[in-house]
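Contents: one structure, followed by commentary.
The values are calculated or read from the model by the stated rules, or taken from the named source; none is laboratory data. This one's a predicted model, so the numbers in the text were calculated from it and none came from an experiment. When we count neighbours, we look across all protein chains shown, and the Cβ atoms used for this are built from the backbone with ideal geometry, even at glycine. Side chains included, ligands, DNA and RNA excluded: accessible areas come from the protein's heavy atoms. Shrake-Rupley method; radii C 1.70, N 1.55, O 1.52, S 1.80 Å.
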Amino acid sequence: MTTTVNSRQYKSFAWVALTLLVIAWATPVAAQTDGVTSPNIVLVMTDDQGYGDLACHGHPYLQTPNLDKLYEQSTRFTDFHASPTCAPTRSALMSGRAPFKNGITHTILERDRMALSSTTIAEVLRDAGYTTGIFGKWHLGDEDPYQPHNRGFDKSFIHGAGGIGQNFAGSQSDAPGTSYFNPIIKDNNRFVQTEGYCTDVFFRETLGWIKEKKDADKPFFAYLATNAPHAPYNVDAKYSDLYKDKCSAKSAAFFGMITNIDENMGLLMQKLDEWQLSDNTLLIFMTDNGSAAGTFNYDMKGKKGSPHEGGSRVPLFMRLPGLTNAGVDVDRVTRHFDLFPTLAEIAGATVPDSVELDGRSLVPLIKNPKSDWPDRNLFFHVGRWNKKGAPNRWGQGNTDPEKAKYKGFAVRNERWRLVGDELYDIENDPGETTDVSKSHPEVASEMLRAFDAWWAEVRPMMVNEDASLDVEKPFATQFNKQKENAGIPNWNAPVL
């Protein structure tokens, strides 16, 4: 039987098809996950743990059995890059933008404050119906307008500054008297005295919050950012003793802190299973920069603070049944700011048109590691130039961003890494052993031109460069006022 369609019907069908296409284009759609829409999201990010600081990445003696298990269950991004230091990475993750575009050029001296013009992934997810919580390290500004409870997080359980107990010129400081054991934590804008080791406390509070939210109508986003294994290397001896005969005391404590993190990851995964959340929860594990005290560096050049591969290449494991695939590696070059659009797409969240992202969603690569992924230049800069008027060594030497432009920068694409005037063929020389700039001058020149254009774009966005250091320390001020007026209550450890 032949069906005839007249011109009026054809136009009608075409109009309907066009209308449906427009609707589909304009409507946020969660990534297909076998019926799971708007899954819960748990993102765990550790501090100063490098790519080689995992047994599953070949470390000869470090014990990480639970992270090894997650590795086996996950889609792994094997060429994923953060920034060379921590606050920049956190800002890129939160904003989907290059750190310098958020005003973050350092980890101290007010240059760790994420510009108030930046929209966070927490705000986007909350607008999409998520309940949001942060646990552990924020490090994007200690003054109240910059704090996470004003940046999209419903629940905030954090320490101050860039690490527990830190105190630098300007507003950055933690609560007086705090430490890695029994830390004083700012819990929803009220300080509490916790009991236990910091990593254990952060995981327990996160799990208690998840337990509260697991049966609610809303999905949740839990951002668990440990301050471990960042220095000072303080951990119970039962962990550091595992490694005391294999390396220096500092590295043994560093590895002990990682094994403690691993134990907590095991508890997290156990509870997600027990609470029947594993199948509808995207679980992510990553770290914020290269290794600070590791002994095995996966044959990479450079560690934390370096513009080389070892300064920025970090692990990224993602597990969500129905979307990710166990044991699959993605070897394309990806970056921290790609996580913002990735989470938005998986959640079915709408990113406002006003938000300009540097990242692109990883979902196509998750679905098919060989999918089309156009090459791009990615820019790195260690930053950390000094500041005029800062005390001690922080005020000495160069304080001009322009004079620091070509110091500590790199450009990376799928094949090449330009570091200063050196060019490395990463595809054939991942350890950056041989400078090939003389044999490929056109590649080096093109990448340098791209960096110059990027610098010209980001330079006006460095909004914290001239911020005064003659300001109060909000954490210390608030803590002392609360202690005097109401006291510091003990933390109610959640029952799991």
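Regarding LYS101, is this residue within 26 Å of ALA292 (Cβ to Cβ) and basic (Lys, Arg)?
Answer is yes for this residue.
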Subset of segment 236-254 (residues that are more than 15 Å from ASP48 (Cα to Cα) and of a type outside the set (Lys, Arg)):
ASP236, ALA237, TYR239, SER240, ASP241, LEU242, TYR243, ASP245, CYS247, SER248, ALA249
Given the criterion touching a helix residue (DSSP H, G or I) at 6+ places or on another chain (Cβ under 8 Å), surrounded by fewer than 18 Cβ atoms within 10 Å (Cβ to Cβ) and either on the phi > 0 side of the Ramachandran plot or basic (Lys, Arg) (or both), identify the matching residue among GLY383, GLY389.
GLY389
Name, by its number, the condition in (1) surrounded by fewer than 14 Cβ atoms within 10 Å (Cβ to Cβ); (2) without any contact (Cβ under 8 Å) to a residue 40 or more places away in the chain that does not hold for TYR406.
(1)
Any idea which residue in segment 227-265 is farthest from PHE285 (Cα to Cα), counting only those that are part of a loop (DSSP other than H, G, I, E, B) and touching a Lys or Arg at 6+ places or on another chain (Cβ under 7 Å)?
TYR233
Determine if segment 186-201 includes at least one residue that is in contact with a His (Cβ under 9 Å, 6 or more places away or on another chain), outside any loop (DSSP other than H, G, I, E, B) and either open to solvent by less than 10 Å² (accessible area, probe 1.4 Å) or basic (Lys, Arg) (or both).
yes
Segment 143-175, residues that are closer than 20 Å to ALA228 by Cβ and either among the acidic types (Asp, Glu) or outside any loop (DSSP other than H, G, I, E, B) (or both):
PRO148, SER156, PHE157, ILE158, ASN167, SER173, ASP174
From the residues in segment 88-121 that are of a type in the set (D, E, K, R) and in a loop (DSSP other than H, G, I, E, B), which one is farthest from TRP394 (Cα to Cα)?
ARG97
Looking at segment 279-288, can you tell me whether even one residue there is within 19 Å of the chain's Cα centre (by Cα) and part of a loop (DSSP other than H, G, I, E, B)?
yes
Here the qualifying pairs (Cβ atoms under 6 Å; residues six or more apart or on different chains; first in segment 467-494 and closer than 11 Å to PRO176 by Cα and at pLDDT 95 or above; second small (Gly, Ala, Ser) and open to solvent by less than 30 Å² (accessible area, probe 1.4 Å)) come out as LYS473/SER171; LYS473/SER173; PHE475/GLY160; PHE475/SER173; PHE475/ALA175; ALA476/SER173; PHE479/ALA175
Which condition from (1) more than 30 Å from ALA486 (Cβ to Cβ); (2) open to solvent by 50 Å² or more (accessible area, probe 1.4 Å); (3) of a type in the set (Lys, Arg) is the one that LYS213 breaks?
(1)
Taking into account only those residues within segment 176-185 that are in a loop (DSSP other than H, G, I, E, B), open to solvent by 20 Å² or more (accessible area, probe 1.4 Å) and not polar (S, T, N, Q), which is farthest from GLU263 (Cα to Cα)?
PRO176
Do we find a residue being open to solvent by 20 Å² or more (accessible area, probe 1.4 Å), touching a residue at least 12 places away in the same chain (Cβ under 8 Å), over 26 Å from ASP279 (Cα atoms) and of a type in the set (Val, Ile, Thr) anywhere in segment 61-81?
no
Do you know which residues across segment 426-456 are part of a helix (DSSP H, G or I) and in contact (Cβ under 8 Å) with a residue 40 or more places away in the chain?
MET447, ALA450, PHE451, TRP454, TRP455
